[in-house]
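All remarks here apply to the structure that follows.
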Amino acid sequence: MARESTGNSHASPPLWRVERLAYAYGKTVALDVERLSVRRGRLLCLLGPTGAGKSTLLRLLAGTAVPSRGRIDVGSARPEKANGAPSVAMVYQQPLPLRRSVAENVAYGLKLKRLPRREIETRVEHWLQQLRLAELASRRADRLSGGQLTLLAIARALAIEPEVLLLDEPTANLDPGRVELVEQVVRAEVNRRDCTVVWTTHNLFQARRIADDVALLLGGACIEQADGRTFFDSPADERTKAFLNGDLIY
Amino acid sequence: MMFRGWTGAIVAVVLLASCRSDTSAHSTKTLTLATTTSTRDSGLLDLLVPLFEEKTGITVKVIAVGTGQALELGRRGDADVLLTHAKAAEEQFIAEGHGQRRIEVMFNDFVLLGAKSDPAEVKGITDIASAMQAIAQRKSTFVSRGDRSGTHMKERELWQAAGVEPDGDWYLETGSGMAATLRVAGEKGAYVLSDRSTFLAHRKQLDLEIVCEGDPRLRNIYAVMAVHPSRHPQVDIEAARQWIDFLLSDETQRRIARFGLKEYGQPLFFVESASADQSGT
Amino acid sequence: MGGPAGKCYNISSHVLTPHSSPLRTAVFSAEFLSIVLLSLKVSATAVLLSSALGIPMGTWLGLARHPAASLVRWCTQVGMALPPVVVGLALYLLFSRSGPLGDWGWLFTPRAMIVAQTILALPFVVGITAGAIRSVPDQLPEQLRGLGASARQARRTVVFEARHGLGLAVAAAFGRSLSEVGAVLIVGGNIAGHTRVLTTAIVLETSQGRFEWALALGGVLLGLAGLANACIVLFQRGQHGGP
């Protein structure tokens, strides 16, 4: 495993370093990223239009898809963890509920970790409240509306308290009130636990609101990655400038 | 595979459980008796089997099928002892070496039954072959067992005697036991050949009456045979012998001779032995 | 009538005393009870065996993507159309004393009937299980991996998500084996007190013209099938949580 000693003392150490990573379905190349790094304790927004390869990149990071080429190096692993792989939870764009109650959906990942029952109950209650699902706790999850389901998916991922949270367009189907809620809750969790979040969005303004770091994906390639301020204030790449100006460059 | 553990466990438990229940069943001796439906349908075996079981402690498994199938069960060694009623087929069975000895146990007779209207005008004909000819000539509906049972073999024999090859819409084969065939004949108002005992046992529910009886060719002899142990070593010859001895004992023969007297006013089966009291109560 | 041994000949002695023996007392007779219990024992054991084998097979089939699976799927479909009497005949020849497994002494025992019922029920269990597994969204296992489940745990959850279908599979297997008559008649022999079950008793009673008996037995058969299905529905309602 490559261990990076970063020269920049301000920057957090990278959790993952992606190098020359490619993924293809058959002959269609969905993703071909030259370089990208995910830094610990920060919220990275993967910005880009639909079809840019954001979801594919998330699945590769989650480990549920295997790259056609290249690799993802685990950067500075926490010394106490033997294998170095960070614990990851992912929220899919179209989350699937388990045919059980809302509370049991949230408890699912916790039961897998064999946490004590009391601990599970406390966490389930906490996260249902956080995402304003408390009244729906005993409702069947497969009968929720789309928006409620998204909130549930986020709750059940956050409840696990993973080191890395991967969110695939989590607010695409939400009304503005819920968008704000999700942004707040996730942001607060990053601050509280120092966890790492990778959040894909096609929404420029959202990225501006929440991102510590931003990477722009276009046509499966990573155009530019920088911290939020640098990215929005002084983009290096012409295509980034055009994207920020709202020009149709894809 | 995730299930391997509990699948194996369940299969093992079930097999063990069924093994245990089976070994307990084996601790009591059993005798497999293949017999004709008429002995069951008349109710005779319901009288005899409990007596035998009580006397010997052997459990009898009665498989009531047509004589042809009963003989086949014997040929495969799937039965220990046979009680059948088709002399020619039985003698062939002995000749093939499957059975030890054919011993006649009892007899009654076959009767030709028909609807009250008697469409073929058989009533009054005493010669069974002529009666069969009359049915064939009028093409009156005739229901046959069609199952290679003793009754069916007798029926074929009678058609042959009548010089008729029964064929056509009027000739129906049920492929079923005697009681079921009687029901079909009753429903259709057809002619049918039956052993007397089954007919008497079911007479109340049937719209049939005897149209021809008494011809010596209608004699129906039941014989018992033990399946030959040298041919089929799994056969329980000891239990089979006990059954044969039981059937031939004076007491059983008397019971057979009295069987049905109270219910029908006439015996369903007759025995040859002199000691049997045919008129007893 | 009926003999001093008196254990189980009440039904048959009914032939000779058609008007003197009321149906009601006979319903509680030992023979009647033994028929019902044997029916339950044979069917329940067959269901247990076919489920223990069929649910894992069906799960594999439902999740499998490789070419061998379509062959197995085809076999399952053929198996569902398997005529019971053909299975009965094959097992008869197998278990007959002059057959290859004659030494086991299984012919005309409940064991042979259990084997027949298991074979007949298995394709249903496999087929319905596979269908239930396939009805779970393809994406679910991956999403569960995204919540920290191992591949094995994700598979278990998929099976649990398909539990309604599995209940249906078990119910179908039970219904089929409880109501099957052809195979058990051939390999069981319909021996009173040994291998006579509800269906074969109904066939016999009908052929003897004792329709009130046949109907009573039929009512019990119907009731048992209904009861079993009700149990499964209740089980499914009560089921929460799990893997």
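The values are calculated or read from the model by the stated rules, or taken from the named source; none is laboratory data. Predicted model only: the values in this text are computed from it and were never measured. Methodologically, a virtual Cβ is constructed for each residue, glycine included, from the backbone with ideal geometry; neighbour enumeration extends over all protein chains shown. Remember, those area values only see protein heavy atoms, side chains included, never the ligands or the DNA or RNA. Shrake-Rupley method; radii C 1.70, N 1.55, O 1.52, S 1.80 Å.
To keep it simple, each residue is scored yes or no on (1) part of a helix (DSSP H, G or I); (2) touching a Gly at 6+ places or on another chain (Cβ under 6 Å); (3) more than 14 Å from chain A (Cβ to nearest Cβ); (4) surrounded by 21 or more Cβ atoms within 10 Å (Cβ to Cβ).
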{"residue": "C:His66", "(1), (2), (3), (4)": "no, no, yes, no"}
{"residue": "C:Phe108", "(1), (2), (3), (4)": "no, yes, yes, yes"}
{"residue": "C:Met113", "(1), (2), (3), (4)": "yes, yes, yes, yes"}
{"residue": "C:Gln117", "(1), (2), (3), (4)": "yes, no, yes, yes"}
{"residue": "C:Leu120", "(1), (2), (3), (4)": "yes, no, yes, yes"}
{"residue": "C:Val126", "(1), (2), (3), (4)": "yes, yes, yes, yes"}
* **Answer from A:Val179, A:Val186, A:Val198 - the residue that is open to solvent by less than 50 Å² (accessible area, probe 1.4 Å) and within 14 Å of another protein chain (Cβ to nearest Cβ)** => A:Val198
* To do: Answer with yes or no whether B:Gly66 is more than 9 Å from chain C (Cβ to nearest Cβ), in contact (Cβ under 8 Å) with a residue 40 or more places away in the chain, within 19 Å of B:Arg40 (Cα to Cα) and out of contact with any Asp or Glu (no Cβ under 7 Å at 6 or more places or on another chain).
  => no
* To do: Find the residue count for region A:198-250, including only residues that are in a loop (DSSP other than H, G, I, E, B) and among the hydroxyl-bearing types (Ser, Thr, Tyr).
  => 2
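Which residues, taken from region B:67-84, are open to solvent by 10 Å² or more (accessible area, probe 1.4 Å) and outside any helix (DSSP H, G or I)?
Correct list: B:Arg76 only.
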* Structure fact -> Among helices (runs of 4 or more DSSP H) completely within region C:143-206, the ones holding 1 or more residues that are modelled with pLDDT under 90 and away from chain A (no Cβ under 14 Å) are C:163-179
* Asked: Which one of the conditions (1) out of contact with any Gly (no Cβ under 6 Å at 6 or more places or on another chain); (2) assigned to a loop (DSSP other than H, G, I, E, B); (3) among the acidic types (Asp, Glu); (4) at negative phi does B:Glu90 fail to meet, given that it meets all the rest?
  -> (2)
* When residues of region B:26-47 are limited to those that are within 12 Å of B:His202 (Cβ to Cβ) and in contact with a Leu (Cβ under 8 Å, 6 or more places away or on another chain), the one surrounded by the fewest Cβ atoms within 10 Å (Cβ to Cβ) -> B:Gly43
* **Output for region C:78-104, where each listed residue is surrounded by fewer than 11 Cβ atoms within 10 Å (Cβ to Cβ) and farther than 26 Å from B:Ala79 by Cβ** => C:Val78, C:Ala81
* Which of the residues that make up region B:197-229 are more than 14 Å from every other protein chain (Cβ to nearest Cβ) and small (Gly, Ala, Ser)? -> B:Gly214, B:Ala223, B:Ala226
* Does region B:109-116 include one or more residues that are within 14 Å of chain C (Cβ to nearest Cβ), basic (Lys, Arg) and either surrounded by fewer than 24 Cβ atoms within 10 Å (Cβ to Cβ) or under 23 Å from the mean Cα position of the chain (by Cα) (or both)? -> no
* To do: Could you tell me which of the residues C:Thr199, C:Thr206, C:Thr157 is within 16 Å of the chain's Cα centre (by Cα), buried (at least 16 other Cβ atoms within 10 Å of the Cβ) and hydroxyl-bearing (Ser, Thr, Tyr)?
  => C:Thr199
* Could you say whether any residue in region B:95-103 is away from chain C (no Cβ under 14 Å), part of a helix (DSSP H, G or I) and open to solvent by 10 Å² or more (accessible area, probe 1.4 Å)? -> yes
* Asked: Does A:Ile154 satisfy being of a type in the set (Val, Ile, Thr), under 18 Å from the mean Cα position of the chain (by Cα) and more than 24 Å from A:Ala207 (Cα to Cα)?
  -> no
* Are any residues in region A:159-173 of a type outside the set (D, E, K, R), away from every other protein chain (no Cβ under 14 Å) and buried (at least 18 other Cβ atoms within 10 Å of the Cβ), and if so, which ones? -> A:Thr171
* Say we look at region B:51-63 and pick out the residues that are within 8 Å of chain C (Cβ to nearest Cβ) and under 18 Å from the mean Cα position of the chain (by Cα); which of these is least open to solvent (accessible area, probe 1.4 Å)? -> B:Ile63
* **Residue count for region A:102-116, restricted to those that are within 7 Å of another protein chain (Cβ to nearest Cβ) and open to solvent by less than 30 Å² (accessible area, probe 1.4 Å)** => 2
* Structure fact -> Over region C:93-119, the set of residues touching a residue at least 12 places away in the same chain (Cβ under 8 Å) and within 25 Å of C:Ala172 (Cα to Cα) is C:Thr109, C:Pro110, C:Ala112, C:Met113, C:Ile114, C:Val115, C:Ala116, C:Gln117, C:Thr118, C:Ile119
